[in-house]
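The structure appears below as structure tokens.
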Amino acid sequence: MDRDHAIPTPDEVSPQRRAELRAALVAVRTRIDAACEAAQRDPAQITLVVVTKFFPAADAIALARLGVTDIGESRDQEAGAKLAAIRQVLADQSPRLHFIGQLQSNKAARVGEYADAVHSIDRAKLVSALARGAQQAGHTLDALVQVDLGGNDTGRGGARPADVEALADLIAGQEGLRLAGLMAVAPLGVPPAPAFADLAALSERVRANHPEARWISAGMSGDLEAAIAAGSTCLRVGSAILGSRPTRG
Ligand SMILES: *Cc1c(COP(=O)(O)O)cnc(C)c1O
């Protein structure tokens with residue numbers, strides 16, 4: 001309780017951790033700048049979502065204080081609790097929360113209440129539940145269709161490319177949601193560039209009917225350069241900034 005004794009409160013990280021996060025953030029921003037230069041793109045057009053899953057709220061708070069404006073989470077329970085802790089400390093300065101994980105339909109309304117964006121919409125059933133949550137909270141949720149680029153064998157969710165346009169139409173017509181664009185995870189074990197090119201082509205098709213759906217959420221720690229080259233507007237980077245996670249997620 002006595003702040004003079006410098007006992008770290010739950011919202012504080014050690015000076016070492018803060019320095020580590022700052023250095024990793026600088027390194028990732030340097031990679032983004034270099035990839036943008038190579039692709040002749042403006043880094044200001046790319047949102048960096050820092051994926052904080054499996055790491056404590058204190059890390060997310062430290063990152064926000066280092067200038068991070070957007071964080072990503074993939075599990076409902078963890079995301080909700082962490083966001084509450086973050087908002088208690090940072091209030092209006094809290095980062096935007098992007099939900100990027102596979103979504104169960106019975107959790108969707110809750111996620112729609114606290115999230116600012118949901119990247120992982122891959123079936124019609126989620127749409128009305130997310131919208132109900134968003135409307136309950138009195139906000140509009142940025143909604144992205146997750147595309148399965150690996151022929152359904154990635155185990156990471158995602159709608160089949162043939163189903164994406166219908167799902168986009170459904171979202172666009174739903175009060176409480178704003179169709180923001182498309183998201184994908186590159187298939188494992190093969191070069192990511194062809195998959196990211198497929199995503200960009202699909203995005204262009206969707207934008208023919210929905211010009212506002214400009215986000216292309218693609219690129220993680222290992223493949224952000226390829227994603228930027230293919231037109232990504234939103235990177236989701238975890239381990240390159242926070243370190244390796246205890247388990248795969
Ligand atoms: C965990 C996760 C990321 C971050 O992956 P890293 O390789 O740690 O950068 C990005 N997108 C999704 C959907 C994830 O689940």
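The values are calculated or read from the model by the stated rules, or taken from the named source; none is laboratory data. Quick caveat: nothing in here was measured; it's all calculated off a predicted structure. Quick reminder, even Gly has a Cβ in these numbers, built from the backbone with ideal geometry, and neighbours come from all protein chains shown. These area figures cover heavy atoms from the full protein model, side chains too; ligands, DNA and RNA do not enter into them. Shrake-Rupley method; radii C 1.70, N 1.55, O 1.52, S 1.80 Å.
Only helices at least 30 Å long along their own axis, judged from Cα atoms, and with Kyte-Doolittle mean hydropathy of -0.5 or greater: name those in the chain from DSSP H. Walk me through the intermediate numbers first.
Working: long enough: 15-39 (36 Å, -0.06).
What comes out of the filter, once short or polar helices are dropped, is 15-39.
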(Q) Applying a 10 Å radius around every beta-carbon, put 22-34, 113-125 in order of their mean neighbour count, most first. (A) 113-125, 22-34
(Q) Over 5 Å intervals from 0, what percent of Cα-Cα pairs in the stretch 146-249 sits in each interval? (A) 2, 13, 22, 24, 19, 11, 6, 2, 0
Q | Magnitude of the charge dipole, the chain, Cβ model with Lys/Arg +1 and Asp/Glu -1, debye to 20 | A | 320
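Per the 1.4 Å probe, what fraction of the accessible area of the chain, in percent, lies on carbon and sulfur atoms? Please report the intermediate quantities before stating the final value.
Values: 6040 of 11910 Å².
Roughly 51 percent of what the probe reaches on the chain is carbon or sulfur.
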(Q) Let me see the P(r) profile for the stretch 105-205: every Cα-Cα distance counted, bins of 10 Å, each bin given as a percent of all pairs. (A) 17, 47, 27, 8, 0
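I want to verify the translational diffusion coefficient of the stretch 73-128 in µm²/s; compute it with Stokes-Einstein, Rh as the Kirkwood radius over Cα pairs, at 25 °C and 0.890 mPa s. Provide the component values of the computation, followed by the final result.
Numbers: Rh = 11.6 Å.
The diffusion coefficient I find is 212 µm²/s.
Counting pairs of alpha carbon atoms under 8 Å apart in space and at least six apart in sequence, what relative contact order in percent does the chain give? Display every interim value, and only then the final one.
Working: 459 pairs, mean separation 45.4, N = 249.
It rounds to 18 percent for the chain.
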Q) residue 61: net charge of surrounding residues, Cβ under 13 Å, Lys/Arg +1, Asp/Glu -1, itself excluded? A) +2
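Keeping all protein chains in place, calculate the accessible area per residue for the chain (probe 1.4 angstrom), answer in Å². Don't skip to the end; give the middle numbers.
Working: 11910 Å² over 249 residues.
Accessible area per residue: 48 Å².
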Q. What is the log10 of I(q)/I(0) for the chain, computed with the Debye formula using one identical point scatterer on each Cα and no solvent, at q = 0.09, 0.10, 0.16, 0.17 Å⁻¹?
A. -0.38, -0.47, -1.18, -1.32
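Taking the highest mean first, how do the peptides 166-175, 179-188 order by number of other beta carbon atoms within 10 angstrom per residue? Don't skip to the answer; put the middle values down first.
Values: 166-175: 17.4, 179-188: 24.1.
In descending order of packing, they fall as 179-188, 166-175.
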Q: Please name which of 15, 173, 94 has its Cα lying farthest along the dipole of the chain towards the positive end, using unit charges on Cβ (Lys, Arg +1; Asp, Glu -1) and the Cα centre as origin.
A: 15
Q) Considering amide H positions built from the backbone, and no H for Pro or chain starts, which residues 5 or more places from residue 96, or on another chain, come under 5 Å of its amide H? A) 70, 71
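Under the 0.36 nm per residue contour assumption, what length would be gained going from the current alpha-carbon distance of residue 245 and residue 163 to full extension?
Values: separation 82, 0.36 × 82 = 29.52 nm, distance 3.27 nm.
Gain on stretching residue 245 to residue 163: 26.3 nm.
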Q. Using only the Cα atoms, what convex hull volume per residue in Å³ does the stretch 1-149 have?
A. 137
